[in-house]
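Asker: What follows is a structure written as C-alpha cells; I'll ask about it next.
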Amino acid sequence: MWSHSSLLRTLMTLPAAEALARLQDGNARFVADAPNLTVAEAHHRRAEVVDGQAPFAIILGCSDSRVPAEVIFDQGLGDLFVIRVAGNIAASSQVGSVEFAATEFGTRLVVVMGHTGCGAVLETLKQIRGAGAAPPANLQSIVDRIRPAVERLASAAPGWTPESLIGDAVRTNVGTSMNDLTAHSDLLHRLVDGGGLHVVGAEYCLETGVVDFF
C-alpha cells in the first residue's frame, strides 16, 4: 500500500507523454551545449529533495561511464530514477527497482536506454562468434541474458562480424529488456496494460550525444 506522501507525489506525476517531451528537450539542450541547470541551482535543489523525491521518469540504462542519464537529459537532483547495469539488462534486481519507482512515486514513464558501441553487447557477439576467452562468471551472467535475442539476429545475417552487427544488436537488446520488464513482473504488466505506465526504448549516440527514442 502506498504511503500518504507517496500518493500525493503520484498525483503530481507528469503524464508519460509530457515526461518524454521533457527528456527530449533536455537532450536537445545537452547536444546544443546549453544546459538549464547551474551549480547554484543544484545546491538549491539539494535542500528541496531532502524530505522526498518525485522522479518524472525511470531510466534503465547501461553502466558505461560515458552515458550518465542526468547529464545527457540535462536533469537535476530528484528528476530521474536511474537504474544502471552493464548492457542495460532487466534481471530481477532491475525489474524490482522499476516496480519500486512505479509504485512508490507513481512515475509513468520507463525508458530502457542502450548506447552505440555497448561493450556488453559487443562481448556477447564475440562469444557467439567464438572469439576470445570466456569472461568471469558474474560477467557471463550478463552475457547470458543478452545472448538469446542477439544470437537470433546473428543467425539471420550470414558473414557477420561483431563490428558489423553491433548497431542492430544494441537495439535488439534494448527491445529484449523492454519485454523482460513486463514478462517477469505481473505488477508492471498490469500497469502497462492499464495505461498507467509506458515503456519506451532509446539509444544514445556516443559520437553526437543524441538520444533516439523508438
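Asker: Here is a list: PHE100, PHE105. Which entry is of a type in the set (Phe, Trp, Tyr), within 21 Å of THR13 (Cα to Cα) and crowded, with 19+ Cβ neighbours inside 10 Å?
Answerer: Exactly one residue qualifies, and that residue is PHE105.
Table: residues versus (1) loosely packed, with under 13 Cβ neighbours inside 10 Å; (2) in contact (Cβ under 8 Å) with a residue 24 or more places away in the chain; (3) over 22 Å from the mean Cα position of the chain (by Cα).
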position	(1), (2), (3)
THR13	no, yes, no
ALA34	yes, no, yes
HIS43	yes, no, yes
VAL49	no, yes, yes
VAL71	no, yes, no
LEU80	no, yes, no
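Asker: Going through the range 82-109 one residue at a time, which ones are farther than 17 Å from VAL143 by Cα and under 11 Å from the mean Cα position of the chain (by Cα)?
Answerer: Correct list: VAL82, ILE83, VAL98, LEU109.
Asker: Moving on to the next point. So ALA149 fits all but one of (1) assigned to a helix (DSSP H, G or I); (2) at pLDDT 95 or above; what number is the exception?
Answerer: (2)
Asker: On the basis of being of a type in the set (S, T, N, Q), under 15 Å from the mean Cα position of the chain (by Cα), surrounded by 19 or more Cβ atoms within 10 Å (Cβ to Cβ) and at pLDDT 95 or above, does ASN173 make the cut?
Answerer: yes
Asker: Please give the helices (runs of 4 or more DSSP H) falling wholly within the range 9-91 in which 2 or more residues are within 18 Å of PHE214 (Cα to Cα).
Answerer: Answer list for the range 9-91: 16-31, 69-72.
Asker: So GLN140 passes all but one of these: (1) surrounded by fewer than 19 Cβ atoms within 10 Å (Cβ to Cβ); (2) assigned to a helix (DSSP H, G or I); (3) in contact with a helix residue (DSSP H, G or I) (Cβ under 7 Å, 6 or more places away or on another chain). Which condition number does it fail?
Answerer: Only one criterion is unmet by GLN140, namely (3).
Asker: Here's something else I'd like to know. Pairs only if they're at least six apart or on different chains, beta carbon under 7 angstrom, first in the range 164-192 and free of Cβ contacts under 8 Å to residues at least 12 places away in the same chain, second crowded, with 19+ Cβ neighbours inside 10 Å; list them, first residue then second.
Answerer: Listed pairs, sorted by first residue: HIS189/THR182; VAL192/THR182; VAL192/VAL199.
Asker: I've got another one for you. Among the residues that make up the range 153-169, is at least one of them out of contact with any helix residue (DSSP H, G or I) (no Cβ under 6 Å at 6 or more places or on another chain), polar (S, T, N, Q) and under 23 Å from ALA69 (Cα atoms)?
Answerer: No, every residue in the range 153-169 fails to be out of contact with any helix residue (DSSP H, G or I) (no Cβ under 6 Å at 6 or more places or on another chain), polar (S, T, N, Q) and under 23 Å from ALA69 (Cα atoms).
Asker: Would you say VAL121 is assigned to a helix (DSSP H, G or I) and within 13 Å of the chain's Cα centre (by Cα)?
Answerer: no
The values are calculated or read from the model by the stated rules, or taken from the named source; none is laboratory data. All figures in this text were calculated on a predicted structure; none of them were measured in a lab. Note that each Cβ is placed from the backbone with ideal geometry, even for glycine, and that neighbours are counted across all protein chains shown.
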